[in-house]
1. Given the conditions (1) assigned to a loop (DSSP other than H, G, I, E, B); (2) of a type in the set (A, V, I, L, M); (3) surrounded by 10 or more Cβ atoms within 10 Å (Cβ to Cβ), report the number of the one that ALA58 does not fulfil.
2. Among the numbered criteria (1) more than 10 Å from the chain's Cα centre (by Cα); (2) assigned to a helix (DSSP H, G or I), which one does TRP45 miss?
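Bear in mind these aren't lab numbers, they're just calculated from the coordinates by the rules spelled out. Every value quoted in this text rests on a predicted model; they were computed, and no experiment measured them. Cβ sites come from the backbone with ideal geometry, for glycine too, and all protein chains shown count toward neighbours.
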Amino acid sequence: MFRVMVSHAKKHPSLIPLFLIIGSGGIGAALYVMRLAMFNPDVCWDKKNNPEPWNKLAPSDQYK
């Protein structure tokens, strides 16, 4: 698939900004989802050692 994109970019150089914008948008979306998965208190990856992670919230943390 990458070869096809490179061949299209060589034939039509005006597609290069489109590929860059779409690629950076995909990378940004993936990084945002990874940040939500790692640092959000609503996500629990280790249910064995911490079955109720919402009990560890400090009084200054925001929650609903």
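1. The number of the failed condition is (3).
2. It is condition (2) that TRP45 fails.
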